[in-house]
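Since every read-out is calculated from the coordinates, none of them should be taken as a lab result. Note that the coordinates shown come from a computational prediction; the quantities given were computed from them, not determined experimentally. We place every Cβ from the backbone using ideal geometry, glycine too, and count neighbours over all the protein chains shown.
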Number of protein chains: 2
Amino acid sequence: MKAKGNLVIGQSGGPTAVINNSVWGALREAERHVEIGEVYGMVRGIQGFLQEDLWDLRREDQARIDGLRLTPSAALGSCRYRLTDDDYDRVLDVSRAHDIRYFCYIGGGDTMHTTSEIGRRAAASGYEMRVMGIPKTIDNDLPFTDHTPGFDSAARYEAITCMDIVRDTRALRDTESIKIVATMGRNTGWLTAATALADDYSPDLIYVSELAFDRGRFLADVEAAYRQRGCVVIAACEGLKNADGSLVAARQDSLNTDAFGHPELGGLGQYLVDLAMSELHLKARLDKPGTMQRSAGLFISTVDAAEAAMVGAAAVRHAVGGTSAYMVTLERCAEPAYSCTTGLVPLQDVANQEKLMPRDFINAEGNQVTQTFKDYARPLLGGPLPAYVTLAGHSVPRRLPPQAR
Amino acid sequence: MKAKGNLVIGQSGGPTAVINNSVWGALREAERHVEIGEVYGMVRGIQGFLQEDLWDLRREDQARIDGLRLTPSAALGSCRYRLTDDDYDRVLDVSRAHDIRYFCYIGGGDTMHTTSEIGRRAAASGYEMRVMGIPKTIDNDLPFTDHTPGFDSAARYEAITCMDIVRDTRALRDTESIKIVATMGRNTGWLTAATALADDYSPDLIYVSELAFDRGRFLADVEAAYRQRGCVVIAACEGLKNADGSLVAARQDSLNTDAFGHPELGGLGQYLVDLAMSELHLKARLDKPGTMQRSAGLFISTVDAAEAAMVGAAAVRHAVGGTSAYMVTLERCAEPAYSCTTGLVPLQDVANQEKLMPRDFINAEGNQVTQTFKDYARPLLGGPLPAYVTLAGHSVPRRLPPQAR
């Protein structure tokens, strides 16, 4: 049976700790289908593809390919690039020139829009190319999928990091009373919520971007928690918004809009630090994991790695089977034990949509998550969290009167 | 042979990932000496000791004690507290009341000053108590010791984190060009320098606090690196100072001076982000590991854990042997294979002194570290760094003329 054409795969948007597992899964699946000739990687996503910047992935030695499973960030390179009409034509020209019949693109909402358009235009122009979207985003904001590969490992990062931060803060509570942990998230609080998976060491207060930020309420929450415990750890989503929809801490600089018109985030944490210091006169400090939360190899969730490979493989399998213009999804199987299978959703349905946290994942007061969220997210972390110990603390009876002051 | 008295151990200052190993080492050593009766832990350091807030550590079950080896942060609690004359008297009263004859205190420079004073006053008052300092600080700024327990694990954190950050930044280099990693460090750049241990993925530019920050030179460095590579990762010490000794980014708030009169740090990273954006018109982003770099359990260096236990045990052994008012040090043995033994230094010599990075650990331009530093620091990381792969990248020959623009 003759090969029907070549396959290309690309990585787009912010990297994740397991995005390379999707490449690995796609490559392994491609080996099983004689219809697939060459397997190419886009260098830096669609931006490289436009310049015919392609790598021949079949020429990579197996050790490197297998090493992708434990290698975070985008091994092919990535981009955030919005295609023009001319660019879309060029994508088809490059595809034709390299006889690409299977087109797989890994990314989030913006990427699925691009992928959807490529599929639509290929079909309209009569060029037979199967175009598949492979979901990826630490933000977990893609619709029609139980969750998104990349989220689980980032959630594991948030959970373990919060264990460390909360234990540190409590140990030194008389000195550094307020700690703000600013987590990534443009319009959705999934990652911020994941800090609650630290269980006994989860933040005292959690603010997600689904609910409007109320300055007065925030200060009252922090003060109450401080009175109760002597120190407060607060997880806050960088995309927190006021009641009018404006960002609580937006950067005004004109540089700070990306190719898709999204304003740049990042100042929220320092804003809350300043607020706590100036209004409550408590010492506050910022921890800002930034890039670390999306590309930390030591925090890869085994579930996430396996599922990222699974959606990569499924995209290739469905493409060979005749499917086009769909994104692979994850569908959670019936309880009790956690498992997922893959499903499909039309790319045009998923493009540019965001899945917000349901209201019942957030508590009534809007400053914590609920057990329902924890039940949803906990299996995604893969293995257990570190087994840190806490001393029992057998008090020695006092023998002196209290110190005179 | 009758017990000669009880032992107390306390943890002070910023926690580290291995500070509990020093408690573990001291406890294990204490078991070997019949001279030692009870073993108490100070709850939240000397501040708790003043209130007779003590735990009976011999009543802890062994699983908890052994769990300390993998548990970051201060399991006994910690404090930053400057003792008054009355407090010093109280320390002796509490010591007498609980028949404490062995006094071990784990901490950095400020703590060693406190410990030195306690030893001096105990001797002056005729109360026989052996007072020992156990070194601890992620800052690595204690003198007379090859390095300080806690630093190694924090250095491992910086190295691995920079691998992740640099790979992430290069993958997405057309979008997020400049990344600032703001590392802890008041007057010394040891931790910032440790980012260079990421080898192929070490930051392009490293600025330590030993050299005066020059705004113009910084901008020229960043621009040159950007022209060369298309993206720049910069590690900068939060304690960077101007030529006149003032902090580049100090917080002016009156809250921001700690018990020892040190000004609070933290704003340096955002300052550099703003500088790069406004002057170079490049997109810049801040990663601020904050607390994470000192209390991250997943980054514990095996060398660090072993040495932290070793200095804890040595303190107890020397105290029982008759030594008092000394701090345990680490002495590096002759090459080739890395190993350390312990030594001793009088507490009064070490108190309130800071060990700066030697000039030959920093390059001539003041924007990178040297191989000499890497040779010094590399063995401290313990096991190998993660074996991430990079694809070989076999380019597919182009078949089209370049895209018309």
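Averaged over its residues, how many other protein chain Cβ atoms are within 10 Å of peptide B:229-239's Cβ atoms? Mean inter-chain Cβ contacts per residue within 10 Å come to 0.
Tell me, Kirkwood radius of the range A:18-94 from alpha-carbon pair distances, in Å?
Values: mean 1/r = 0.0739 Å⁻¹.
Radius from the Kirkwood sum: 13.5 Å.
Segment B:LEU356..B:THR341, full-extension length gain: 3.2 nm, with 0.36 nm per residue of separation and the alpha-carbon distance subtracted.
Partner shielding of B:278-288 amounts to 4, given as the average count of beta-carbon atoms from other chains within 10 Å of each residue beta-carbon.
Of chain B, which part is the longest with no chymotrypsin sites (Phe, Trp or Tyr not before Pro) in a loop (DSSP not H, G, I, E, B) and with at most 15 other C-beta atoms within 10 angstrom? Write out the running numbers ahead of the final one.
Details: sites that count: B:TYR127, B:PHE260, B:TYR338.
The segment B:128-259 is the longest one with no such site.
Rg/Rh, computed from the Cα trace of the range B:101-222 with Rh as the Kirkwood radius, has the value 1.17.
Taking only C-alpha pairs under 8 Å that are 6+ residues apart, what is the relative contact order of chain A in percent? Intermediate results must be reported in sequence, preceding the final value.
Details: 875 pairs, mean separation 88.1, N = 405.
Dividing the mean separation by the residue count of chain A yields 22 percent.
For A:ARG130, the residues 5 or more places off, or on other chains, whose built amide H falls under 5 Å of its own are A:TYR102, A:PHE103. Alpha carbon centre of the range B:28-106 versus the range B:123-161: separation in Å? About 17 Å separates the Cα centre of the range B:28-106 from the one of the range B:123-161.
Using the Cβ-Cβ distance between A:GLU365 and A:ARG227 with R0 = 22 Å, the FRET efficiency computed as 1/(1 + (r/R0)^6) comes to roughly 0.85. Values of log10 I(q)/I(0) for the range A:167-258 across q = 0.12 Å⁻¹ run -0.41, by the Debye formula with one identical scatterer at each alpha carbon and no solvent.
Among residues of chain B, the one whose Cβ lies closest to the rotation axis carrying chain B onto chain A, together with that distance rounded to whole Å, is B:LYS288, 2. Charging the Cβ of each Asp and Glu at -1 and of each Lys and Arg at +1, and nothing else, the dipole of the range A:285-356 about its Cα centre rounds to 220 debye.
The fewest-to-most ranking of A:ASP85, A:ASP99, A:ASP141 by surrounding Cβ atoms within 10 Å reads A:ASP85, A:ASP99, A:ASP141. The slack between A:THR323 and A:ARG96, meaning 0.36 nm per residue of separation minus the straight C-alpha distance, is 79.8 nm.
Computed about its Cα centre, the charge dipole of chain B is approximately 980 debye, with only Lys, Arg, Asp and Glu carrying charge at their Cβ.
Extents of the range A:66-106, largest first, come to 37, 24, 12 Å (Cα atoms, principal axes, whole angstrom). With the convex hull drawn over the C-alpha atoms of chain A, the volume per residue is 162 Å³.
Taking R0 as 51 Å, what's the FRET efficiency between B:ALA334 and B:ALA404 from their Cβ-Cβ distance, rounded to 0.05?
Numbers: r = 66 Å, r/R0 = 1.30.
That gives a FRET efficiency of 0.15.
Here the Gaussian network model covers chain B, with springs between Cα atoms less than 10 Å apart; of B:ALA17, B:ALA334, B:ALA224, B:ALA334 fluctuates the most. Taking θ as phi - 60° and the Karplus parameters 6.51, -1.76 and 1.60, the scalar couplings of the range B:300-307 work out to 4, 7, 4, 5, 5, 4, 5, 6 Hz in sequence order, x denoting glycine and proline.
Neighbouring Cβ atoms within 10 Å as the yardstick, rank A:VAL166, A:VAL43, A:VAL320 fewest first. Please report the intermediate quantities before stating the final value.
On the way: A:VAL166 26, A:VAL43 23, A:VAL320 20.
If I rank by nearby Cβ atoms, fewest first, I get A:VAL320, A:VAL43, A:VAL166.
Residues whose amide H lies under 5 Å from that of B:LEU330, counting only those 5 or more places away or on a different chain, are B:ASP146, B:HIS147, B:GLY343; hydrogens are built 1.01 Å from N in the peptide plane. In this structure, A:ALA220 and B:ASP66 have a Cβ-Cβ separation that, at R0 = 56 Å, corresponds to a calculated FRET efficiency of about 0.85.
A:ASP375 to A:ALA392: extension gain in nm, 0.36 nm per residue of separation minus the Cα-Cα distance? Display every interim value, and only then the final one.
Details: separation 17, 0.36 × 17 = 6.12 nm, distance 2.84 nm.
Stretched fully, the A:ASP375-A:ALA392 segment lengthens by 3.3 nm.
By other beta-carbon atoms within 10 Å, ranking A:HIS113, A:HIS147 with the fewest at the front produces A:HIS113, A:HIS147.
Using only the C-alpha atoms, the convex hull of the range A:89-147 corresponds to 81 Å³ per residue. Among the GluC sites (Glu not before Pro) within the range A:1-76, those in coil by DSSP and having at most 12 neighbouring Cβ atoms inside 10 Å are A:GLU31. A Cα-only calculation for the range A:116-181 places Rg and Dmax at 21.5, 70 Å.
Report Rg/Rh for the protein assembly as shown, rounded to two decimals, where Rg is the Cα radius of gyration and Rh the Kirkwood radius.
Working: Rg = 28.0 Å, Rh = 27.8 Å.
Checking Rg against Rh, the ratio lands at 1.01.
Which whole number gives the average, over all residues in B:64-76, of C-beta atoms from other chains lying within 10 Å of the residue C-beta? The partial results should precede the final answer.
Values: counts 5, 2, 1, 5, 3, 1, 4, 7, 7, 12, 5, 7, 3.
That works out to 5 on average.
Taking each DSSP H run with n ≥ 4 as -39500 (n - 2.57) and averaging over every residue of chain A yields -10500 deg cm²/dmol at 222 nm.
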